[in-house]
Amino acid sequence: MKKTILILGGAGYIGSHSAYLLYKRGYEVLIIDKLIHGQNFDHKWATVIKADFADEKVLNQIFDKYKIDAVMHFAAFIEVGISVKKPANFYENNVIKTINFLDFMLSRGVKKFIFSSSCAIYGNPIKVPMNEKHPFDPISPYGKNKLVIEFVLQDYAKAYDLKYVSLRYFNAAGADPENNLGEQHNPETHIIPLMLRAIKNNKTFKIFGTDYNTPDGTCVRDYIHVLDLALAHILGLEYLNSGGKSDYFNLGTGKGYSVKEMINMAQNVVGKKMNIQVCERRLGDVDTLIADNKKIKAILGWIPKYSDLNNILNTAFLWENINYEGVGIHLDK
Ligand code: UDP
């Protein structure tokens, strides 16, 4: 019989790609999502329940009706800058609701959990690439939220036999336009869609800071294709299914690109220049984030296949063309 995986936030960017991959691997996919970005999510391969993952009435109905094998949790607020201005909302959604959900899930005998963590738990890097032993010093409430939950997971694993895999994402990027999946944040704050829209629509792209301690003064990030990221969730689940012990992993490619390098590559992909304005630094940003991914490669056998930066930008651009202009559902293959 097919195993049923419950995905909190499965209609979001990373959740939807992971959900689709689970479906392709033969799992039954059940999604709870509030659709807060107003995104279209009409895929036949998943059952979508529009609800808050903290709604206990809905959770009771779902857990009564389905035999849930494991839960993947993507339903977090993610904008680092907003977390600095509105920490209460972030603690409520990303911490309190998550702990309540874990308690509920465990009370129903579901013990496997895949968590979307973040490299934001490390704060400003002392050494790059960063491995899992890098000290924790999150500078934003968002990063602190993720770290609190990592501690909760460790304690729950000891006390309640929770089996978890926590994936510390670096920068998710790219899309799977052939399957009508991509980034649909509202408002959009991520560099790649904003750059591509700026080029396409002759708008101005704002560089947030050119005075960072990096070779060209702009921030360096490790951009990982969302399909490679999604695959890590499935490998994490299968690792737990085969008796693997609870663990946490950095999830990035090990290569970094500066904002200026990204601008050049994006201009090449679209074949057009973009208007640029240099602005102040954005709240909560750190100089450089690059993953040391040895651990996830060794233990989960994860190998990135799609994360070449040209492929990331090309797939993101294809997605922008179908999504942003609101035309078409499927590209011709
Ligand atoms: N960035 C930028 N202009 C933008 C959006 C982002 O210069 O309009 C920079 C941002 O300061 C960071 C990098 O691009 O250094 C990646 O930002 P993004 O929001 O995509 O991801 P984050 O690293 O915050 O998760």
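Quick notes
- Over the chain, Cα pairs under 8 Å with separation of 6+ residues give a relative contact order of 20 percent.
- In the chain, the calculated helix contribution to ellipticity at 222 nm averages -11000 deg cm²/dmol per residue, counting -39,500 (n - 2.57) for every DSSP H run with n ≥ 4.
- In segment 48-159, the alpha-carbon atoms span a convex hull of 120 Å³ per residue.
- Proximity of backbone amide H atoms, modeled 1.01 Å from N, is registered between Thr288 and Val220 at under 5 Å, excluding neighbours fewer than 5 places apart on the same chain.
- Diffusion constant of the chain at 10 °C, which comes from Stokes-Einstein with the Kirkwood Cα-pair radius and 1.306 mPa s, µm²/s: 79
- Three principal axis lengths of segment 58-98 [C-alpha, angstrom, descending]: 40, 15, 11
- Prolate/oblate/rounded label for segment 173-255 (Cα gyration tensor, a/c 1.5): oblate
- Of the whole protein surface, Lys127 contributes about 140 Å² of accessible area at a 1.4 Å probe radius.
- Surface exposure of the chain, expressed per residue as accessible area with a 1.4 Å probe, stands at 45 Å².
- Segment 229-287: C-alpha gyration tensor shape, a/c 1.5 cut-off, then a/b vs b/c: prolate
- Cα centroid separation - segment 135-165 against segment 23-83, whole Å: 21
- Residue with peak Gaussian network fluctuation, the chain [Cα springs, cutoff 10 Å], from Lys34, Lys85, Lys44: Lys44
- Projection of the Cα convex hull of segment 103-193, averaged over all directions and equal to a quarter of that hull's surface, yields 8.3 nm².
- Largest-first ordering by accessible area, 1.4 Å probe, given options Arg197, Arg168: Arg197, Arg168
- Percent accessible area from carbon and sulfur atoms, segment 43-156, protein chains only, probe 1.4 Å: 54
- Contact order, relative form, for segment 96-188: 33 percent (alpha carbon pairs under 8 Å, 6 or more residues apart, mean separation divided by residue count).
- Residue-by-residue Karplus 3J(HN,Hα) for segment 108-118, coefficients 6.51, -1.76, 1.60, Hz, glycine and proline x: 9, x, 8, 10, 9, 9, 10, 10, 7, 9, 8
- Ignoring lysines fewer than eight residues from Lys273 along the same chain, the ones with Cα atoms less than 19 angstrom from its Cα are Lys200, Lys203, Lys206, Lys260.
- Whole-number percent relative contact order across segment 63-116, with pairs defined as alpha carbons under 8 Å at least 6 apart: 62
The values are calculated or read from the model by the stated rules, or taken from the named source; none is laboratory data. The shown structure was predicted, so the numbers you read here are calculated from the model rather than taken from an experiment. For the accessible areas, the whole protein counts, side chains as well, though only heavy atoms, and no ligand, DNA or RNA atoms are used. Shrake-Rupley method; radii C 1.70, N 1.55, O 1.52, S 1.80 Å.
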